[in-house]
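Participant: Structure below; questions to follow.
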Amino acid sequence: MEDLSLHILDIAENSITAGADRIEIMIREDSTADLLILEVRDNGKGMDEELLRMVSDPFFTTKTVRKVGLGIPLLKQAAEESGGRLTISSEEGKGTIISAEFRPSHIDMKPIGDIGATIMVLIAGNPELTIVLEYNKDSRTFRFDTDDIKAELEGIPINLPLILERIKEGINRGIRELVEGSGR
């Protein structure tokens, strides 16, 4: 995968497959510590100890359409190549937390990518889902929550093309302003 937004999409799709109806995506950048943390939390069915041990093996998958599961192993590789690490915690019936740490100054650090497009794709195919995106850079925060948007829409479907495009643009603008230093 070329950028972190594609890893987010893959993990979120796993969450949806696991029955999650709420996915929280947290990205935290600490310039002083040279640290970027990507965390995806869900309230899906979770994993037992055996599945948790096997999930980072590229030759293991719970999917029936293919014999390999490369999403989590590729995220782990991307984190480790940039001097970071991957951790996964899960509890059956309560959900899963996947956290990847990266060193942004490392030459092998992948770009963030198009987070707005990733969230747009998730909403388009799963309008009933609650998706929370929080992007923190140093002491500033950008936050997006589909429940807030749905309340503003007052019954208008969130996955209409015009609304999806505005969501994508708004997320990308908010993150850009945050990263460039003019965000709140």
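Participant: Answer yes or no: is there a residue in segment 160-173 that is farther than 19 Å from ILE112 by Cα, among the hydrophobic types (A, V, I, L, M, F, W, C), out of contact with any strand residue (DSSP E or B) (no Cβ under 7 Å at 6 or more places or on another chain) and crowded, with 17+ Cβ neighbours inside 10 Å.
Facilitator: Checking segment 160-173: at least one residue is farther than 19 Å from ILE112 by Cα, among the hydrophobic types (A, V, I, L, M, F, W, C), out of contact with any strand residue (DSSP E or B) (no Cβ under 7 Å at 6 or more places or on another chain) and crowded, with 17+ Cβ neighbours inside 10 Å.
Participant: Go through (1) modelled with pLDDT of 95 or more; (2) in contact with a helix residue (DSSP H, G or I) (Cβ under 9 Å, 6 or more places away or on another chain) for LYS150 and report which single condition fails.
Facilitator: The number of the failed condition is (2).
Participant: Does ALA100 fit the bill of being assigned to a helix (DSSP H, G or I) and either modelled with pLDDT of 95 or more or more than 15 Å from GLU39 (Cα to Cα) (or both)?
Facilitator: The answer is no for ALA100.
Participant: Could you tell me whether ASP114 is acidic (Asp, Glu), touching a strand residue (DSSP E or B) at 6+ places or on another chain (Cβ under 6 Å) and closer than 30 Å to LEU35 by Cα?
Facilitator: When the stated conditions are applied, ASP114 does not pass them.
Participant: Also, I was wondering about something else. For segment 125-155, which positions are assigned to a strand (DSSP E or B) and without any contact (Cβ under 8 Å) to a residue 24 or more places away in the chain?
Facilitator: ARG143, ASP145
Participant: Right, here's the next one. All but one of (1) crowded, with 17+ Cβ neighbours inside 10 Å; (2) at pLDDT 95 or above; (3) out of contact with any Gly (no Cβ under 7 Å at 6 or more places or on another chain) hold for MET47; state the number of the condition that does not hold.
Facilitator: Unmet for MET47, out of (1) crowded, with 17+ Cβ neighbours inside 10 Å; (2) at pLDDT 95 or above; (3) out of contact with any Gly (no Cβ under 7 Å at 6 or more places or on another chain): (2).
Participant: I've got another one for you. Applying the selection to segment 80-109, what residues are over 19 Å from GLU13 (Cβ atoms) and either in contact with a strand residue (DSSP E or B) (Cβ under 6 Å, 6 or more places away or on another chain) or buried (at least 16 other Cβ atoms within 10 Å of the Cβ) (or both)?
Facilitator: Once the filter is applied, which keeps residues that are over 19 Å from GLU13 (Cβ atoms) and either in contact with a strand residue (DSSP E or B) (Cβ under 6 Å, 6 or more places away or on another chain) or buried (at least 16 other Cβ atoms within 10 Å of the Cβ) (or both), segment 80-109 yields SER82, GLY83, GLY84, ARG85, THR87, SER89, GLU101, PHE102, ARG103, PRO104, MET109.
Participant: List, please: which pairs have Cβ atoms under 9 Å, are six or more places apart or on different chains, and start with a residue in segment 10-39 that is at positive phi and end with one that is surrounded by fewer than 16 Cβ atoms within 10 Å (Cβ to Cβ) and among the small types (Gly, Ala, Ser)?
Facilitator: From residues that are at positive phi, the pairs are ASP34/SER105.
Participant: While we're on this one: Could you list all residues from segment 1-56 that are under 15 Å from the mean Cα position of the chain (by Cα) and closer than 15 Å to ARG103 by Cα?
Facilitator: Correct list: ASP3, LEU4, ILE27, ARG28, GLU29, LEU36, ILE37, LEU38, GLU39.
Participant: Among the candidates GLY170, GLY125, GLY183, which residue alone is more than 18 Å from ILE16 (Cα to Cα) and modelled with pLDDT of 95 or more?
Facilitator: GLY170
The values are calculated or read from the model by the stated rules, or taken from the named source; none is laboratory data. Being a predicted model, the structure only gives us computed values, none of them experimental. Don't worry about glycine lacking a Cβ; one is built from the backbone with ideal geometry, like all the others, and counts go over all protein chains shown.
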